[in-house]
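Structure, as structure tokens:
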Amino acid sequence: MKIIIVSVPGGGKSTVLEFVKKKLPRAKIVTAGDIYFKIARKKYGIKDRDEMRKKLTIEQQKEIQVMVAEKISKVRAKILFINTHIMVKTPRGYFQALSIKTMGIMKPDAIAIIESNPKDVLERRMTDKTRKRDIESLWAIEEHQRINRKVAFELTKNTNCRVKIINLRFREKKQFDQARKGADEIVKLIGAMR
């Protein structure tokens, strides 16, 4: 079973997947961006993950996407989570990170879209010292989430791949409440698909 996990940058994908891994320790998690970066660094001299969307041409990005999808398609696991993006915001506009072609190569069973309160996303971006995150308006973050949802449904309309919206737009009472809730929803999705 292959499930693609997506959100806007800073939307909580990686943290949710950490909690999923605690519940499903045998599941495998692949971060498409890590594979993408290794290829981009070797092939085009890209220095960090945040530079990819700013310096690579659309043709270069599409070429790398196919290479990443091919690598992911070879990963063998009973349950495989693919941590990635549907749409990437670049200085030249939005770029589709998942395409019909890459979906056909990877053959996922589901796309789970994590949606968060834009204020939470912005706060995560501002406090993330490991990346050079874009600081956007709340409206721009919400727009990106709406676009992700539309593209997900468009990508899956002629396939057996389902779309699950995971709504984490609530105030946490304790740290990581949202990540725990997201992990619970993903585990329920797997149970429903068996």
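Here are a few things to note about the model shown:
- Residue match in region 13-34 (condition: more than 25 Å from Q178 (Cβ to Cβ), at pLDDT 95 or above and out of contact with any strand residue (DSSP E or B) (no Cβ under 8 Å at 6 or more places or on another chain)): no
- Selection within region 75-118: residues that are of a type in the set (K, R) and over 21 Å from S14 (Cβ atoms). The member of this set that is modelled with the lowest pLDDT is R92.
- Looking only at region 27-85, and only at residues there that are aromatic (F, W, Y) and over 16 Å from M1 (Cα atoms), the one that is surrounded by the most Cβ atoms within 10 Å (Cβ to Cβ): Y36
- Selection status of A32, over 27 Å from E136 (Cβ atoms) and touching a helix residue (DSSP H, G or I) at 6+ places or on another chain (Cβ under 6 Å): no
- Condition check for T127: of a type in the set (S, T, N, Q) and either farther than 21 Å from S14 by Cβ or in contact with a Leu (Cβ under 9 Å, 6 or more places away or on another chain) (or both): no
- Where a residue in region 32-58 is free of Cβ contacts under 8 Å to residues at least 60 places away in the same chain and assigned to a helix (DSSP H, G or I) and its partner, wherever it lies, is of a type in the set (K, R) and surrounded by fewer than 19 Cβ atoms within 10 Å (Cβ to Cβ), with Cβ under 7 Å and at least six apart: G33/R49; I35/K71; F37/R49
- Matching residues in region 1-26 - criterion: being part of a loop (DSSP other than H, G, I, E, B), more than 14 Å from the chain's Cα centre (by Cα) and surrounded by 15 or more Cβ atoms within 10 Å (Cβ to Cβ): M1, L24
- Subset of region 100-124 (residues that are under 16 Å from the mean Cα position of the chain (by Cα) and not in a helix (DSSP H, G or I)): K107, P108, D109, A110, I111, A112, I113, I114, E115, S116
Per-residue answers, yes or no, for (1) of a type in the set (D, E); (2) touching a helix residue (DSSP H, G or I) at 6+ places or on another chain (Cβ under 6 Å); (3) free of Cβ contacts under 8 Å to residues at least 40 places away in the same chain; (4) in a strand (DSSP E or B):
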{"site": "D134", "(1), (2), (3), (4)": "yes, no, no, no"}
{"site": "W139", "(1), (2), (3), (4)": "no, no, yes, no"}
{"site": "L155", "(1), (2), (3), (4)": "no, yes, no, no"}
{"site": "K164", "(1), (2), (3), (4)": "no, yes, no, yes"}
{"site": "Q175", "(1), (2), (3), (4)": "no, no, yes, no"}
{"site": "Q178", "(1), (2), (3), (4)": "no, no, no, no"}
{"site": "I190", "(1), (2), (3), (4)": "no, no, no, no"}
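The values are calculated or read from the model by the stated rules, or taken from the named source; none is laboratory data. Model, not experiment: these values are computed from the prediction. Positions of Cβ are backbone-derived with ideal geometry, glycine not excepted, and every protein chain shown enters the neighbour counts.
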